[in-house]
Amino acid sequence: MSRKVVRTSKFRHVFGQAVKADQCYDDIRISQMTWDSNFCSVNPKFVAMIVDASGGGAFIVLPLSKTGRIDMSYPTVCGHTGPVLDIEFCPHNDNIIASGSEDCSVMIWEIPEGGLTTSLTDPVVKLDGHSKRVGILSWHPTAHNVLMSAGCDNVVILWNVARGEAVMRIDSVHTDLIYSACWNRDGSRILTSCKDKTLRVLDPRKGTVLHEKDKPHEGSRPVRAVFVSGGKILSTGFSRMSERQVALWDPKNFGEPLTLQELDTSSGVLLPFFDPDTGVVYLCGKGDSSIRYFEVTDEAPYVHYLSMYSSKESQKGMGYMPKRGLEVNKCEIARFYKLHERKCEPIVMTVPRKSDLFQEDLYPDTIGPEPSAEADEWFQGKDAPPVMISLKDGFVATTKAKEFKVHKSLMKTTAASGSHQDHSGDVHSLRKEVKDLKAAIEELTKRVSELEGKH
């Protein structure tokens with residue numbers, strides 16, 4: 001008589017591993033702000049981290065290959081007049097990043113190919129519309145140039161970034177501070193969690209509440225929520241006894257959770273990262289030194305604990321690499337960028353496999369960088385499923401880059417840029433750099449000869 005004791009799953013043996021010390025990004029002063037955002041955003045070209053800045057707010061953007069010690073004088077993006085609270089790279093253009101700040105503004109920046117050579121102070125677009133600090137940003141997953149921002153004024157604004165205008169303002173729904181706001185897979189719904197202890201599913205273009213759940217978690221500490229597969233919702237929060245919980249909900253039947261599990265007693269907010277390709281959700285606690293991961297399936301108890309990556313040092317924030325930035329021949333299914341006080345350490349999640357051939361069962365077609373609708377079409381009601389790509393031979397962009405023109409055209413998408421672009425800006429900055437270096441060498445030569453003269 002055979003009894004199935006252990007649930008079969010190809011992700012049961014997923015293990016996390018930190019990269020070697022020389023592949024970390026060292027000597028970066030990560031921001032000390034007490035705000036529960038990720039503080040880090042990554043894509044296949046760059047890693048961006050919010051850093052400490054005297055006067056105003058700044059974040060640093062490094063090419064992924066620039067590992068090791070980062071010089072104190074490395075240029076930053078420092079156009080905000082108050083601390084930066086959240087940053088997020090655009091999913092359709094790897095050189096575009098949005099930042100939200102305590103100065104009540106949202107700014108859109110264009111990072112040059114190869115990274116920054118001088119500090120950036122002027123954004124491509126500045127979006128003003130919030131009356132209090134802006135702590136949450138999220139790009140639309142499929143529509144080009146649609147950005148959602150949520151501020152401490154309890155308002156959610158949907159922006160058409162290329163035109164620089166607020167198209168939708170949802171200001172009468174939330175009665176208190178918004179803890180989290182995210183899109184579903186095709187961007188036709190928004191999910192928010194709020195200090196008034198309510199989870200809400202909104203229609204983004206009408207600003208109406210479609211479903212809501214009062215008190216998903218009894219405790220008063222922040223609740224986080226994300227859409228998972230099949231339109232279900234996974235939330236993390238606290239019990240009345242301040243134990244951390246994870247729960248799964250079906251918004252069509254919000255009465256009772258499909259499952260509610262207690263994890264441990266700790267005060268850090270759990271940031272959920274869901275991977276729709278594998279059905280694995282990773283929970284990273286702010287201030288924890290571990291990452292727990294679970295598999296979300298259709299069979300009870302729906303959220304199955306897999307394992308935990310543990311380390312000695314606690315995390316200040318966490319960046320999550322999109323699927324197209326992973327190394328598929330190493331069976332890497334996720335990569336996190338863990339922020340310490342003074343460094344950023346990549347952590348690789350791997351499924352152990354003997355073969356180094358492409359594992360089709362681990363890498364179904366995933367969301368690519370090509371948008372499936374333009375901003376204007378989406379605001380007029382067009383919903384389009386994401387454009388999928390195969391990772392079989394590593395991802396290569398095939399589309400031509402659109403020129404970046406604000407107000408007139410829309411932001412270009414990630415692609416193998418044509419060589420027809422005007423490089424005069426690059427040439428100018430290189431000439432300036434050479435001139436500065438020559439001046440520095442002359443200065444040093446003079447100093448050496450002075451010192452030699454003394455001796």
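Here the alpha carbons of region 211-253 define both size measures, Rg and Dmax, at 10.4, 31 Å. Once you reduce region 24-55 and region 108-169 to the center of their Cα atoms, the two points are 18 Å from each other.
Binning the C-alpha pair distances of region 244-313 at 5 Å intervals from 0 yields a P(r) profile of 4, 15, 25, 26, 18, 9, 3, 1, 0 %, listed from the shortest bin outward. Amide hydrogen proximity for Arg163: with H placed 1.01 Å from N in the peptide plane, the residues at 5 or more positions away or on another chain lying under 5 Å are His407. Packing, as the average of other Cβ atoms within 10 Å across residues, places the peptides 293-302, 37-46 in the order 37-46, 293-302, highest first.
The protection proxy used here, the mean number of other Cβ atoms lying within 10 Å of each residue, ranks peptides 6-16, 23-33, 257-267, 226-236 as follows, highest first: 226-236, 23-33, 257-267, 6-16. 3J(HN,Hα) along region 66-77, derived from phi through the Karplus expression 6.51 cos²θ - 1.76 cosθ + 1.60 where θ = phi - 60°, amounts to 7, 8, x, 6, 9, 5, 4, 8, 4, x, 10, 9 Hz, with x in place of Gly and Pro. Ranked by the mean number of other Cβ atoms within 10 Å per residue, highest first, peptides 148-160, 377-389 order as 148-160, 377-389.
Look at the alpha carbon pairs under 8 Å that are at least 6 residues apart: their mean separation over the length of region 1-101 gives a relative contact order of 25 percent. Based on C-alpha pairs under 8 angstrom that are at least 6 apart in sequence, the chain has a relative contact order of 14 percent. For region 103-184, the percent of C-alpha pairs falling in each 5 Å distance bin, counted from 0 to the bin holding the largest distance, reads 3, 14, 24, 23, 17, 11, 5, 2, 1.
Stokes-Einstein at 4 °C, 1.567 mPa s, Kirkwood radius from Cα pairs: D for region 222-338 in µm² s⁻¹? Don't jump to the answer; show the numbers that get you there.
Working: Rh = 14.9 Å.
Translational D for this selection: 87 µm²/s.
Couplings 3J(HN,Hα) for region 316-324, derived from phi with the Karplus relation 6.51 cos²θ - 1.76 cosθ + 1.60 (θ = phi - 60°), are 8, x, 8, x, 10, 6, x, 3, 6 Hz, where x marks Gly and Pro. Dividing the convex hull volume of the alpha carbon atoms of region 164-210 by its residue count gives 88 Å³ per residue. Centroid-to-centroid, using Cα positions, region 257-288 and region 327-382 are 18 Å apart. The mean of 1/r over all pairs of different alpha-carbon atoms in the chain, once inverted, gives a Kirkwood hydrodynamic radius of 23.2 Å.
In this structure the amide hydrogen of Glu332, modeled in the peptide plane, comes within under 5 Å of the amide hydrogens of Glu327, none closer than 5 places in sequence on its chain.
Here's the list of lysines a cross-link from Lys66 could span, going by alpha-carbon distance under 17 Å and ignoring same-chain residues fewer than 8 apart: Lys20, Lys45, Lys338, Lys343. Computed from phi, the 3J(HN,Hα) profile of region 92-107 under the Karplus parametrisation 6.51, -1.76, 1.60 (θ = phi - 60°) reads 9, 8, 5, 9, 9, 9, 10, 9, x, 9, 5, 7, 6, 10, 10, 10 Hz, with x in place of Gly and Pro. Per residue, the average separation of C-alpha pairs within less than 8 Å and at least 6 apart gives region 226-377 a relative contact order of 13 percent.
Across region 114-247, Cα-Cα pairs farther apart than 18 Å form 57% of the total.
Annotation: amide H-H contacts under 5 Å for Ala53 (H modelled 1.01 Å from N, sequence separation of 5 or more, or interchain): Ala58.
For the residue pairs Lys195/Lys232; Lys195/Lys330; Lys316/Lys438, alpha carbon separations beyond 31 Å are given by Lys195/Lys330; Lys316/Lys438. With a simple spin-label model that places each label point 7 Å from the Cα along the Cα-to-Cβ direction, the separation between Ser429 and Glu452 comes to 3.7 nm. Considering region 293-381 at the alpha-carbon level, its Rg and Dmax are found to be 17.2, 50 Å.
Coordinate-derived values only; no laboratory data. Small disclaimer: the values here were computed from a predicted structure and weren't measured. Neighbour counts run over all protein chains shown; Cβ positions are idealised from the backbone, glycine included.
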